[in-house]
Every structure is written in structure tokens, then in C-alpha cells.
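Enquirer: First, the structure itself, so that you have it in front of you.
Coordinate-derived values only; no laboratory data. Since the structure is predicted, the reported quantities are computational estimates derived from the model, not experimental observations. Methodologically, a virtual Cβ is constructed for each residue, glycine included, from the backbone with ideal geometry; neighbour enumeration extends over all protein chains shown.
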Amino acid sequence: MKLTVITPHFDPDVAPTGAVVTRIVHELVARGHRIEVITALPWYREHRIEPGYEGRLVRTEAVEWGRIVRLHPFPTADKRNIGRRALSFAGFTALAGLVGLRGGRTDGVLAVSPPLTLGLVGWELARVRGGPFVFNIQDVYPDVAVELGVLTNPKVIAGARALERFAYARADAVTVLSDDLRENLAAKVRDPSKVRVIPNFVDTATIRPSDRDNAYRRELGLGDRTVVLYAGNVGMSQSLDLVIGAATELSHRTDLAFVINGQGAARDGLEAEVRARGLTNVVFVDMQPLDRLPEVLAAGDIHLVPLKQGLARSSVPSKTYSILAAGRPLVASVDVGSEVATIAERAKAGIAVAPEDQTAFTAAITRLADDESGRRAMGAAGRAWVEAWASPAAVAESYEQLFDELRAARSGRAGIRSRA
């Protein structure tokens with residue numbers, strides 16, 4: 001098959017979604033498919049175009065398996081400025097639509113959201129260039145923005161929900177990461193059977209259990225302390241105030257160190273809070289290159305997945321699978337019964353507590369900090385679970401089978417129409 005993939009991030013961009021889509025593309029290539037990728041110029045790390053990519057709206061790269069078309073994303077550093085972000089999405093979406101229409105016939109289109117507007121591009125490209133349209137939902141918008149209080153204008157919310165319904169209705173299939181998200185979307189489409197669960201994967205060959213005493217630890221001067229680590233976007237979706245609260249309550253323990261590894265809109269405020277409280281047990285680290293991810297994960301003894309209330313039913317952090325692959329236990333502050341909570345329970349890989357419950361969150365960290373053998377057991381259980389369930393090859397095969405199914409259904413309908 002010749003497939004077209006429309007994604008906001010792709011290698012060498014460092015966004016988690018980009019890493020996932022990049023690997024899916026390469027797994028599909030390994031299965032014999034030709035791929036055209038339409039994506040943004042790398043910008044995620046500093047929220048500006050990376051050196052070497054400036055100066056052009058469109059850059060096209062020929063690769064042995066197809067081509068990569070990189071477009072200006074019109075980035076804004078302030079995620080809280082909804083107007084600026086909307087203009088950025090609109091500019092990137094319009095450019096993707098114009099560039100995408102230039103290609104020849106395709107056997108299928110896979111568009112990734114957010115931004116939700118890429119659903120319009122996916123539908124238009126599939127309509128003009130042929131092939132079924134699969135809409136992949138990484139986070140459910142506008143639900144996430146509404147839960148965060150970022151979107152409050154009723155007219156804007158209504159418009160976003162109308163766009164959401166429009167895109168879902170025109171997709172031949174909508175893929176989500178978990179049963180929670182499937183339930184969310186099934187209530188928004190006429191035919192719930194079009195909503196399919198295909199999880200994000202983790203590269204279990206690259207991310208695997210390894211020695212905690214590594215260069216990353218030494219660079220930060222963490223020594224042999226028990227490291228409580230949050231690695232990911234330091235943004236509005238995460239309840240990172242819980243981490244600062246736990247560090248405050250446990251500041252008397254010289255055997256513990258809290259590390260927040262990443263960047264985002266909330267980091268300046270968190271650093272200011274740490275200074276105001278005079279905490280010396282919290283270390284902030286900038287986002288690391290992707291090839292250091294296994295080392296970063298190995299350095300942590302306890303990993304944190306804190307999401308604000310309501311968000312765990314609209315978003316599944318991909319870091320969850322990476323933590324399990326690294327053989328480390330997690331403490332998740334998420335909605336009861338959500339996918340992350342279910343994984344922690346099903347895999348016996350950590351402790352899940354109710355969202356934004358400081359007392360329970362700190363108690364869970366304390367429990368694991370005091371139980372080294374329990375941490376090892378949870379880490380081993382999580383590794384075994386993720387090896388059996390979320391490999392890159394299995395995820396790519398699921399997409400291949402889905403496109404085959406949708407193409408066969410289209411051929412059947414075309415045959416019925418021609419006989420009529």
C-alpha cells in the first residue's frame with residue numbers, strides 16, 4: 001500500500017506523539033508499504049523552529065521509503081494563549097491541506113490529533129486522492145481543554161465540538177488508545193463500531209531494565225538516593241503541584257530526591273514555588289535528547305504519572321508504557337477506573353490514587369520509597385506485561401489490517417453500485 005500520514009510531529013522532533021508515529025511509520029515500511037509523511041518542521045523542544053530548519057515554509061525530503069514534507073507550524077511559546085494557538089493550528093492545517101492535495105493517488109490516509117483540525121485535512125486528502133481515512137486520536141479535544149479550564153467560552157466550545165463531530169463522521173475509522181477513550185468517542189458518533197482501540201506502543205528493545213547508577217544520575221549528583229522522577233511535559237494537564245507537595249512533606253528525608261525532567265508552560269511557576277518553599281530536594285532538568293530516554297528512565301526508582309481530575313478519560317500518557325518497559329514502578333494520580341489506573345492494577349506495576357489527592361499521593365510515594373523489594377517486584381511485573389501487549393510490530397500490524405479491512409469494504413460497496 002501507499003499510505004499518507006499527517007502528523008504534527010515526526011523525527012527528529014522530540015514530542016512523544018512524534019516518537020510514536022515515527023516508529024509506526026518505520027514498522028509499516030518494514031512490512032513493505034510506501035509512506036508519505038506530512039508533518040511540521042521540528043519545533044517542540046523550545047517551541048520555535050530548530051536550527052537548520054529555518055527560512056522556508058515547506059521542506060521536502062526524499063527517503064528510500066517515500067517522502068517527508070515538513071511545514072512551518074507557526075509555533076507559539078505560550079500554550080495559555082488560546083487565540084495564538086488557534087492561529088498556529090489554523091496556519092499549519094491550511095498549509096498541510098494545500099501541500100497534501102498535490103500528491104498522487106493514495107491507498108489510505110492516517111491523520112493524528114491533536115490538533116483536531118488535522119481531521120479536516122485527512123478527510124479532504126482521502127476524498128481527493130482516494131483511499132479510506134483513519135483518524136487517530138491521541139488526546140480527546142476539546143474535552144481535555146474544557147477539563148483544564150483553558151476553553152471556557154460556550155461558543156468556542158460548541159464550535160470545537162461541532163468540528164469534532166464533523167471529523168469523526170467523515171472518518172472511515174477512528175482509532176483511540178484505550179477503552180476509556182472508546183467509550184468517550186462512541187457516544188459522539190452514529191456508528192460506534194467505527195471506533196477502534198489500537199494502543200500506543202513502547203520499544204521494548206530500546207527501553208529495558210538497566211542499572212540505576214548511570215551518567216544521568218552522576219550529572220545531577222543524585223548519588224544513591226531514592227529518586228522520585230517525573231519525566232514529560234511540564235504543562236497544564238499534569239498535577240505537578242502534587243509533586244512539590246510531596247517533596248515538601250518529605251523534605252526531612254535525606255534519602256529521597258525529586259526530579260522533574262522536562263519543559264512546558266507550568267515549569268516557571270513550579271520552580272518559583274520550590275524557591276519560595278526553600279526546598280533543596282527538588283531538581284529541575286531540561287528535556288533530554290530522545291536517545292537518552294532509556295538512561296533517564298533507569299535513573300528513577302519511582303516514576304510519577306499525575307493527571308488533573310477528568311483528564312485520564314480523555315488522555316493516556318505514553319510515558320506509562322515506557323516506565324513499565326524500563327522495569328520501574330509508578331505512582332499514578334488519575335481518575336479511578338481510567339486506563340492508567342487499570343494498567344497499574346492489571347500489571348501489578350504500581351499504585352494508583354485518586355486525582356489531586358495530596359495525602360494519598362504522598363503516602364503512595366512513601367510506601368514505595370520504604371519497600372525496595374516491592375519496587376523490584378512491581379518493576380518486573382510491569383516489564384512482563386508490556387512485553388506481551390504493546391510491541392511496535394503488533395501496533396503496525398493492527399493499522400495494516402485496519403486499512404486492508406476498510407479498503408475491502410470500499411471495494412465491496414463499489415461492486416454493489418456497479419451491479420446496480
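Enquirer: With charges set only on the Cβ (+1 for Lys and Arg, -1 for Asp and Glu), what does the dipole of the chain come to about its Cα centre, in debye to the nearest 20?
Expert: Values: 52 positive and 49 negative charges, 355 e Å.
Dipole about the Cα centre, nearest 20: 1700 debye.
Enquirer: Here is a further query. Per residue, how much space in cubic angstrom lies within the convex hull of the C-alpha atoms of segment 215-386? Please report the intermediate quantities before stating the final value.
Expert: Details: hull volume 17.7 nm³, N = 172.
Hull volume normalised by residue count: 103 Å³.
Enquirer: I'd like to verify something in the chain: which complete DSSP H helices, judged by Cα projection on the helix axis, reach 20 Å or more and average at least -1.0 on the Kyte-Doolittle scale?
Expert: On the way: long enough: 16-30 (21 Å, 0.94); 82-100 (26 Å, 1.09); 154-170 (24 Å, 0.01); 372-389 (26 Å, -0.51); 392-419 (41 Å, -0.58).
Length and hydropathy pass: 16-30, 82-100, 154-170, 372-389, 392-419.
Enquirer: Kindly provide the trypsin sites (Lys or Arg not before Pro) of segment 291-347 that DSSP labels as loop, not H, G, I, E or B, and whose Cβ sees at most 16 other Cβ atoms within 10 Å.
Expert: Numbers: sites: 292, 308, 313, 319, 346; in loops: 308.
Within segment 291-347, no trypsin sites (Lys or Arg not before Pro) qualify (loop, at most 16 other Cβ atoms within 10 Å).
Enquirer: Taking every pair of alpha-carbon atoms in segment 215-314, what share in percent sits in each 10 Å bin, from 0 to the bin with the longest distance?
Expert: 15, 49, 32, 4
Enquirer: Here's another thing I want to ask about it. Picking from 264, 99, 374, whose Cα lies most toward the positive end of the charge dipole for the chain (charges on Cβ: Lys, Arg +1; Asp, Glu -1)?
Expert: 99
Enquirer: Taking only C-alpha pairs under 8 Å that are 6+ residues apart, what is the relative contact order of segment 216-276 in percent?
Expert: Dividing the mean separation by the residue count of segment 216-276 yields 46 percent.
Enquirer: If I stretch the segment between residue 404 and residue 255 completely, what's the gain in nm (0.36 nm per residue apart, minus their alpha carbon distance), one decimal? Don't skip to the end; give the middle numbers.
Expert: Details: separation 149, 0.36 × 149 = 53.64 nm, distance 5.45 nm.
Extending this stretch completely gives an extra 48.2 nm.
Enquirer: Based on alpha-carbon atoms only, what is the radius of gyration of segment 149-224 relative to the globular estimate 2.2 N^0.38 Å?
Expert: 1.83
Enquirer: Rounded to the nearest Å, what's the spacing between the alpha carbon centres of segment 353-389 and segment 207-263? Just the number, please.
Expert: About 14 Å separates the Cα centre of segment 353-389 from the one of segment 207-263.
Enquirer: Would you list which lysines come within 30 Å of residue 308, measuring only between C-alpha atoms, while excluding same-chain residues fewer than 8 positions from it?
Expert: Leaving aside lysines fewer than 8 places away in the same chain, those within reach of residue 308 are 79, 155, 188, 194, 319, 348.
Enquirer: Suppose a student asked you for the relative contact order of the chain, using Cα pairs under 8 Å spaced at least 6 residues apart; what percent would you report?
Expert: On the way: 794 pairs, mean separation 56.7, N = 420.
Dividing the mean separation by the residue count of the chain yields 13 percent.
Enquirer: So what is the relative contact order for segment 215-386, in percent, with contacts set as C-alpha pairs under 8 Å and at least six apart?
Expert: 22
Enquirer: Based on the mean of other beta carbon atoms within 10 Å per residue, what is the order of 275-286, 201-212, 360-371, most packed first?
Expert: Numbers: 275-286: 13.9, 201-212: 16.9, 360-371: 18.6.
Answer by packing, highest mean first, reads 360-371, 201-212, 275-286.
Enquirer: Could you compute the net charge surrounding residue 381? Neighbours are other residues with a C-beta less than 12 Å from the C-beta of residue 381; K and R count +1, D and E count -1.
Expert: +4
Enquirer: If each DSSP helix of 4+ residues adds -39,500 (n - 2.57) and the sum is divided by the residues in the chain, what number results at 222 nm, nearest 500 deg cm²/dmol?
Expert: On the way: 15 runs with 184 residues, N = 420.
So the calculated ellipticity at 222 nm is -13500 deg cm²/dmol.
Enquirer: Which percent of Cα-Cα pairs in the chain sits in each 10 Å bin, short to long?
Expert: Percent of Cα pairs in each bin: 4, 21, 32, 26, 12, 3, 1, 0.
Enquirer: If you don't mind, there's one more thing I want to ask. Among 14-25, 392-403, how do they line up from the highest to the lowest mean number of other beta-carbon atoms within 10 Å?
Expert: On the way: 14-25: 21.7, 392-403: 18.0.
The packing order, highest mean first, is 14-25, 392-403.
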